[in-house]
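Enquirer: Let me give you the structure first, and then I'll get to my questions.
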Amino acid sequence: MTQTEVLEVLSPADGRIAGTVPVMEADAIAARAAELRAAQVAWHQLGADGRAPWFAAYRDWLLDHAGELTDLLQLETGKVRHEAAMEVGMAADLINYFSKIAGGALATEQRKPHSIMSAAKRLSVSYQPHQLVGVITPWNFPITGPFMDVTPALAAGCAVLVKPSEVTPLSLVAALEGWREIGAPDVFAAVTGAGGAGAALVDVVDYIQFTGSTATGRKIAVRAAERLIGCSLELGGKDPMIVLADADIERAVNAAAWGGLFNSGQVCVSVERVYVEAPVYADFVTRLAAKVADLRQGPGPLGSTDVGSMATASQVDIVERHVDEAVASGARVLTGGRRVPGGTAFEPTVLVDVDHTMSCMREETFGPTIPVMKVADAEEAVRLANDSAYGLSASVWSQDEARALDIAARLDAGAVNVNDVLANLFSFTLPHGGWKESGIGSRFGAEAAIRKYCRAKAITTPKVAPKNELMWYPYTKTRSTVVHRMLRALAGRGKRRIGKVG
Ligand code: NAD
């Protein structure tokens with residue numbers, strides 16, 4: 001392996017070096033890609049049933065090593081233990097689900113002819129995996145994040161090269177040790193480095209799955225277009241929460257706090273802005289501020305704290321800018337509002353008196369802030385919720401479910417949780433994808449998650465095979481008239497079925 005540099009990974013909690021990974025150059029990445037391509041052929045031939053034991057063995061290895069993996073993940077992210085410890089369990093759940101449905105998803109399907117034109121053919125669709133899939137991921141969920149896409153791609157029969165974020169590569173690289181240790185085929189490996197390594201990966205794969213910022217997503221879409229490979233982009237969000245006057249306010253407050261502050265707000269589908277109908281606004285913000293003020297922040301053993309650090313100092317800068325700009329324009333901080341001295345934490349924050357001129361309501365904050373705006377009615381809430389370049393997910397709160405569903409249908413977002421937050425991300429049978437600048441394509445969605453990493457192949461076979469067919473040569477007047485009359489009779493309606501042909 002060509003290795004010119006080493007990348008130092010810092011622990012956000014105290015700035016110490018948590019570990020290092022090599023910065024892989026393009027030639028090393030291309031060489032690794034060739035090795036994986038070679039191994040993919042046998043991996044594909046194993047079929048879903050043949051691959052299943054490898055997934056089971058790997059799941060067991062991950063669960064057996066959950067403690068060490070969580071330690072490393074916590075060190076490189078600054079997450080509280082509860083949130084760090086969820087990641088391996090989630091990865092195991094993803095492995096179980098996608099390996100279970102792979103056989104059905106990859107089975108050849110027989111299709112009925114759409115009309116008499118193809119009635120004499122047997123029609124089927126088979127699914128053939130891309131040989132090598134690239135998965136590029138951000139730093140907010142170093143293990144669960146990659147596994148959301150790696151698992152269905154491997155289950156489809158692809159080889160996968162994953163490029164974890166340069167901010168948090170250590171726990172994923174450690175998790176990959178398990179794939180080697182159980183002796184699984186060499187179809188799953190990591191590429192380490194920063195943006196350059198990611199760009200080099202895009203150049204050697206057959207399909208690219210990217211999760212990260214909208215700015216990087218655009219670059220990847222351009223390169224994928226130049227190479228004419230498929231891509232799926234899961235990008236940023238500015239998810240709105242709409243609380244109507246008839247909502248269960250206690251549940252809505254608890255959900256706003258968790259949905260806005262889980263993982264220090266570094267979740268693509270976190271609650272980034274809240275619109276509350278005027279009659280319940282005062283009650284909502286009073287209760288939310290009290291709830292958030294009670295949260296315990298900092299490192300500590302399981303159960304001792306609720307909110308951790310942010311992954312990088314530059315992420316804290318963004319949060320601080322959004323809060324400071326809002327306050328300078330007239331917003332009020334009900335609780336929090338400052339960076340925590342030392343490390344990279346920002347206090348859990350509730351902002352009120354905000355409006356749509358402010359960065360905290362327009363740009364992705366990706367931090368532990370909950371800006372809340374009073375709205376006159378549901379119409380104003382829907383208008384403001386849709387007034388965004390993003391469209392990842394949203395939530396609507398009302399005890400009148402029909403009304404909530406009606407509003408859900410009018411929101412420009414890839415997912416809407418009714419009386420819930422983040423639930424779509426934990427539901428692998430639903431598609432997870434962004435509208436507008438939040439992405440192209442989607443992940444998950446039951447069988448679609450696996451077929452996404454395949455090329456569909458259409459097969460036709462004649463039920464009877466005469467020496468010649470009516471549509472083939474020669475185009476005699478009689479044959480042409482029969483064909484054209486048939487087409488017209490099939491496609492036309494009413495008296496047009498029997499009109500003039502040719
Ligand atoms: P980022 O775009 O800076 O980096 C993401 C990954 O892309 C990293 O691995 C990085 O090394 C790589 N990269 C950078 N430049 C590249 C290039 N030119 N070619 C190929 N790869 C390149 O994003 P980030 O700061 O790591 O993550 C935060 C962002 O991720 C937020 O915007 C967040 O909303 C988004 N996100 C989205 C989802 C989702 O499912 N929609 C989930 C999690 C995070």
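Enquirer: Expressed as a whole number of Å, what is the distance separating the alpha-carbon centroids of region 51-105 and region 207-257?
Expert: First find each Cα centre; the distance between them is then 23 Å.
Enquirer: Something else: Against the longest alpha carbon principal axis of the chain, how many degrees, from 0 to 90 and to the nearest 10, is the axis of helix 66-77 turned?
Expert: 70
Enquirer: Provide the three semi-axes, in whole Å and in decreasing order, of the ellipsoid equivalent to region 457-502 as defined by the square roots of 5 times the Cα gyration tensor eigenvalues. Spell out each step's value before the answer.
Expert: On the way: eigenvalues 119, 53, 12 Å².
Ellipsoid half-lengths, sorted descending, are 24, 16, 8 Å.
Enquirer: Distance from the Cα centre of region 428-486 to that of region 153-175, in angstrom?
Expert: The distance from the Cα centre of region 428-486 to that of region 153-175 comes to 33 Å.
Enquirer: Just to be sure I understand: of the beta bridges DSSP finds with both ends in the chain, what percent are antiparallel, rounded to 5?
Expert: Numbers: 29 of 66 bridges.
Expressed as a percentage, antiparallel bridges in the chain total about 45.
Enquirer: Would you work out which of I318, L170, L384 lies farthest towards the positive end of the dipole of the chain? Charges go on Cβ: Lys and Arg +1, Asp and Glu -1.
Expert: Result: L384.
Enquirer: Using the crude model of +1 on Lys and Arg Cβ and -1 on Asp and Glu Cβ, and no other charge, please compute the dipole size for the chain relative to its Cα centre, in debye to 20. List each step's numbers first, then the result.
Expert: On the way: 50 positive and 55 negative charges, 848 e Å.
Around 4080 debye, computed over the chain.
Enquirer: Would you mind telling me the share, in percent, of accessible area of region 240-335 contributed by carbon and sulfur at probe 1.4 angstrom? Could the numbers behind the result be given before it?
Expert: On the way: 1970 of 3610 Å².
Taking all protein chains in place, region 240-335 shows 55 percent carbon and sulfur surface.
Enquirer: State which entries of K112/K457; K112/K463; K121/K457; K112/K452; K112/K467 exceed 18 angstrom in Cα-Cα distance in the structure shown.
Expert: Working: K112/K457 16 Å; K112/K463 13 Å; K121/K457 16 Å; K112/K452 22 Å; K112/K467 24 Å.
Pairs exceeding 18 Å: K112/K452; K112/K467.
Enquirer: Picking from P113, G330, A413, whose Cα lies most toward the positive end of the charge dipole for the chain (charges on Cβ: Lys, Arg +1; Asp, Glu -1)?
Expert: P113
Enquirer: Could you tell me what percent of the accessible area of region 446-502 is made up of carbon and sulfur, with a 1.4 Å probe and every protein chain present? Mind showing how you got there, number by number?
Expert: Values: 2850 of 4600 Å².
Ligands and nucleic acids excluded, carbon and sulfur reach 62 percent.
Enquirer: Pairs of alpha-carbon atoms within less than 8 angstrom and 6+ residues apart define the contacts here; what relative contact order does the chain have, in percent? Walk me through the numbers before you get to the answer.
Expert: Details: 1098 pairs, mean separation 85.7, N = 502.
Answer for the chain is 17 percent.
Enquirer: Then there is this: Suppose we flag chymotrypsin sites (Phe, Trp or Tyr not before Pro) only when DSSP calls them loop and at most 15 other Cβ atoms lie within 10 Å. Which is the longest uninterrupted stretch of the chain?
Expert: On the way: sites that count: W472, Y475.
Looking at the chain, 1-471 is the longest stretch - no exposed chymotrypsin sites (Phe, Trp or Tyr not before Pro) with at most 15 other Cβ atoms within 10 Å.
Enquirer: Not counting the cut sites, what is the longest span of the chain without trypsin sites (Lys or Arg not before Pro) that DSSP labels loop and that have at most 16 other Cβ atoms within 10 Å? Can you show the working numbers first?
Expert: Details: sites that count: R16, R296, R338, K463, K467, R493, K500.
My reading of the result: 17-295 is the longest stretch.
Enquirer: Follow-up question, since we're still on this one. Taking only protein heavy atoms and a 1.4 Å probe, what accessible area per residue, in Å², does the chain have with all protein chains in place?
Expert: That works out to 43 Å² for each residue.
Enquirer: I'd like the distance separating the alpha-carbon centroids of region 315-335 and region 362-427, in whole Å.
Expert: Value for the Cα centre distance between the two parts: 22 Å.
The values are calculated or read from the model by the stated rules, or taken from the named source; none is laboratory data. Keep in mind that this is a model prediction, so the values were computed, not measured. Methodologically, a virtual Cβ is constructed for each residue, glycine included, from the backbone with ideal geometry; neighbour enumeration extends over all protein chains shown. The protein model used for the area step is the full one, side chains on, heavy atoms only, and it has no ligands, DNA or RNA in it. Shrake-Rupley method; radii C 1.70, N 1.55, O 1.52, S 1.80 Å.
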